[in-house]
Amino acid sequence: MNKRPVKHNKLFSRMRLPFLAACLALSAHTGYAQVPASTYTFSALSGTFTDIAGSPGLVTLPASFLGDNVTSNTIPIGFTFYYCGSPYTQVAACTNGWLSFNAASTSTASGNSLANLSTSAAANVKPALMPLWDDLRGSADSAASATYVTTGAAPNRVFIFQWKNWQWNRSSAVNISFQVKLYEAGNVIEYCYQQGAAAGNPTGSSGATIGIADGAATPVYLTLSNATAAPVASSAIFTTNITTRPATGQVYRFIPLPRFDMAADSVIVAPSFCARTSQPVSVRMKNLGTEAITSVELHWSVDGIAQPMVAYSGAAVSNVLSAPANRKTVLLGDVLFPDNSPRRIKVWTARPNSASDEVPVNDSVARMVAADLTGVEVHIRPGDTAICSGDHITLDAGAHPGAPIYIWSTGSLDQSIPVSGSGRYIVKVQNNSGCFDRDTVTVTVLPDPIAAGIGAVDNGDLSYTFNAISAQHVKQYKWDFGDGSAPVTGAGLPAQAIHAYAAGTYTVKLILTNDCHEIIIEQKISVGAVGIDGPETWQKEILLYPNPARGLVTLQAPDGLKILKVALYNIIGQQVYTNSGSAIDVTGMPAGSYQVVIFTGKGKVVRKLLVKK
């Protein structure tokens with residue numbers, strides 16, 4: 001090949017030197033994954049070459065750039081452009097039809113060889129864009145110009161660099177104009193061309209290279225096989241012999257892998273499971289972008305009903321270049337499958353690393369999921385229940401398909417069991433597919449109503465005060481005073497009753513009921529004088545003093561009458577004290593009215609005692 005040696009324009013190179021230190025700093029990008037140029041997607045399409053002359057904000061390079069083998073000072077892109085995985089804000093342009101993201105480069109290479117991409121750090125062209133790399137030039141005598149402009153507003157700005165009225169090769173007539181466009185949105189690269197009036201002499205330098213190259217130590221590239229409307233892009237053949245001008249309006253586009261592209265790859269559930277069960281549902285996501293992802297929103301729905309969003313934030317999901325390590329499975333939650341009907345589970349990703357996903361078309365995945373095994377759902381009948389003492393109930397686990405087996409907590413293997421005692425009863429039912437369910441019921445045995453007796457206190461005015469002693473498990477009560485008067489009824493534990501009588505003897509009844517049984521307690525009383533041999537005679541001879549009291553209370557019985565036991569009850573019938581002596585110690589008891597039941601050899605006597613503070 002007849003390639004001219006690398007040559008520097010000393011005037012323009014001297015103009016670049018004051019900027020080199022700053023440019024070196026600006027071009028150093030660490031911490032980003034190097035993405036090979038070969039991963040870019042290439043396409044050729046027909047477009048329009050639009051001259052940027054007169055555009056607002058247009059910058060024209062100085063006349064010193066017009067010549068042979070000249071490289072510009074650094075040129076601001078106007079935004080951060082990601083190329084091969086690294087962020088850049090500047091480029092350098094060369095008259096020989098390339099742009100370099102190496103802001104420290106001093107190369108003016110006209111020789112479009114692979115070696116010239118990777119020479120010494122101060123001279124190399126890489127990482128580079130090569131819209132038409134060959135021995136070219138622009139001349140002021142032929143109205144050539146090199147201009148650039150950044151158009152639009154964030155995040156849709158476009159940087160355009162234009163070589164206008166250029167000579168291919170350097171000694172030919174003006175025969176080509178071309179542009180490089182860098183798109184902020186998606187970091188897309190486009191080359192666009194316009195043929196000049198003259199054919200020129202493109203073969204004068206043995207041919208050009210069109211393509212892109214990254215900054216690896218041994219650069220990876222993607223070059224076009226020709227300059228037609230349908231070239232082939234190759235990462236294996238570095239083409240250097242293109243001698244035909246691209247058609248006017250020809251566009252060559254290079255689309256990078258996206259930085260942020262977290263795809264929802266698949267919905268994962270157990271391969272086989274029983275209906276009437278809840279199953280864990282997971283999603284496998286796949287990082288198809290060039291950035292490692294440490295956070296992403298996972299939204300999902302079941303049959304169109306949104307479920308709680310899962311925010312993944314954990315170990316980094318490696319980028320697409322590390323496949324298959326770029327996959328991550330995340331648990332979303334449990335889904336109930338009440339029968340064997342399919343349910344539609346949809347999952348979609350959003351905001352990887354809190355950024356917008358650049359390829360939304362692959363963000364969602366949906367799957368119809370159905371249980372393949374017949375499930376079991378057990379409900380013991382009649383459920384939690386109460387029975388009366390002495391009764392029994394049958395607990396039934398129900399009939400189920402699939403030849404089920406029944407295992408009760410009692411050890412029974414029958415479908416139903418009789419129960420007469422309180423407790424929790426558990427059954428497990430399992431069919432021949434291995435599907436099973438459990439249920440638990442609580443059976444409560446209700447006790448009969450009980451009471452220790454009736455506390456009757458003679459108020460001394462032909463009236464009595466009645467209290468139920470130690471009544472329990474009562475739902476309804478009724479006081480029957482035995483004199484034909486209307487009974488007193490109520491709900492719950494019996495309330496105290498005071499009733500006035502005429503002189504005489506009466507049988508007082510207390511009827512206590514609940515949902516199971518009824519009991520009747522009787523107490524005989526005498527009202528007024530009933531003769532020397534009646535109970536009133538010996539009852540009144542039993543003395544209780546002091547009354548009211550706050551300490552020791554003495555009981556005194558007449559000669560020949562023995563006190564066997566004494567018990568003290570509060571106004572709600574609770575026993576609070578008992579002994580077998582002839583004294584009661586009420587020290588520390590709450591103030592109030594108490595009933596003292598005195599048990600003697602002749603019977604029971606009830607007295608009223610007031611305790612004071």
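The values are calculated or read from the model by the stated rules, or taken from the named source; none is laboratory data. All of these numbers come straight from a predicted model, not from anything done at the bench. Virtual Cβ from ideal backbone geometry, glycine too; neighbours counted across all protein chains shown. Just so you know, the surface numbers come from the protein's heavy atoms only, side chains and all, with ligands and any DNA or RNA stripped out. Shrake-Rupley method; radii C 1.70, N 1.55, O 1.52, S 1.80 Å.
In the list ALA451, ALA456, ALA399, ALA403, which residue meets the criterion of being open to solvent by 20 Å² or more (accessible area, probe 1.4 Å) and over 46 Å from the mean Cα position of the chain (by Cα)?
One residue alone meets the criteria, ALA451.
Report yes if LEU136 is crowded, with 24+ Cβ neighbours inside 10 Å and closer than 14 Å to THR209 by Cβ, otherwise no.
Details: crowded, with 24+ Cβ neighbours inside 10 Å: yes; closer than 14 Å to THR209 by Cβ: yes.
Yes: the conditions hold for LEU136.
Tell me which residues, restricted to the range 232-252, are under 13 Å from TYR221 (Cα atoms) and surrounded by 15 or more Cβ atoms within 10 Å (Cβ to Cβ).
Within the range 232-252, ALA233, SER234, SER235, PHE238, THR239, THR240 qualify.
Can you spot a residue in the range 119-128 that is open to solvent by less than 10 Å² (accessible area, probe 1.4 Å), part of a loop (DSSP other than H, G, I, E, B), in contact with a Gly (Cβ under 8 Å, 6 or more places away or on another chain) and at pLDDT below 95?
So far as the range 119-128 goes, no, none of its residues is open to solvent by less than 10 Å² (accessible area, probe 1.4 Å), part of a loop (DSSP other than H, G, I, E, B), in contact with a Gly (Cβ under 8 Å, 6 or more places away or on another chain) and at pLDDT below 95.
Residues are listed down the side, and each one gets a yes or a no for (1) surrounded by fewer than 18 Cβ atoms within 10 Å (Cβ to Cβ); (2) without any contact (Cβ under 8 Å) to a residue 40 or more places away in the chain; (3) out of contact with any Leu (no Cβ under 9 Å at 6 or more places or on another chain):
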residue	(1), (2), (3)
VAL361	yes, yes, yes
ALA371	no, no, yes
ILE380	no, no, no
THR394	yes, yes, yes
SER412	yes, yes, yes
TYR425	no, no, no
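Pick from the range 58-99 the residues that are within 16 Å of SER142 (Cβ to Cβ) and in a strand (DSSP E or B): which of them is least open to solvent (accessible area, probe 1.4 Å)?
ASP68
Kindly list the number of the only condition in (1) surrounded by 13 or more Cβ atoms within 10 Å (Cβ to Cβ); (2) over 20 Å from ILE525 (Cβ atoms) that fails for PHE599.
Unmet for PHE599, out of (1) surrounded by 13 or more Cβ atoms within 10 Å (Cβ to Cβ); (2) over 20 Å from ILE525 (Cβ atoms): (2).
Quick one: count up the residues across the range 141-171 that are touching a strand residue (DSSP E or B) at 6+ places or on another chain (Cβ under 9 Å) and not in a strand (DSSP E or B). Walk me through it before giving the result.
Step one: filter the range 141-171 for residues touching a strand residue (DSSP E or B) at 6+ places or on another chain (Cβ under 9 Å), giving 142-152, 154-171.
If we keep only those that are not in a strand (DSSP E or B) too, we end up with 142-144, 152, 154-157, 169-171.
Residues flagged as touching a strand residue (DSSP E or B) at 6+ places or on another chain (Cβ under 9 Å) and not in a strand (DSSP E or B) within the range 141-171 amount to 11.
Pick out the one residue from THR587, THR554 that is surrounded by fewer than 17 Cβ atoms within 10 Å (Cβ to Cβ), part of a strand (DSSP E or B), modelled with pLDDT of 85 or more and over 60 Å from the mean Cα position of the chain (by Cα).
Values: THR587 fails: part of a strand (DSSP E or B).
From the options THR587, THR554, the qualifying one is THR554.
Report yes if LEU610 is in a strand (DSSP E or B), touching a Pro at 6+ places or on another chain (Cβ under 7 Å) and not basic (Lys, Arg), otherwise no. It would help to see each step written out before you state the result.
Working: in a strand (DSSP E or B): yes; touching a Pro at 6+ places or on another chain (Cβ under 7 Å): yes; not basic (Lys, Arg): yes.
Yes, satisfied.
Restrict the check to the range 245-252 and report whether at least one residue is in contact with a Lys or Arg (Cβ under 6 Å, 6 or more places away or on another chain) and at pLDDT 95 or above. Before the answer, list the steps.
Keep residues of the range 245-252 that are in contact with a Lys or Arg (Cβ under 6 Å, 6 or more places away or on another chain), which gives none.
No, every residue in the range 245-252 fails to be in contact with a Lys or Arg (Cβ under 6 Å, 6 or more places away or on another chain) and at pLDDT 95 or above.
If you scan the range 479-515, which residues turn out to be under 60 Å from the mean Cα position of the chain (by Cα), open to solvent by 30 Å² or more (accessible area, probe 1.4 Å) and not polar (S, T, N, Q)?
Listed by number, the residues that qualify are ALA491, LEU493, ALA495, ASP515.
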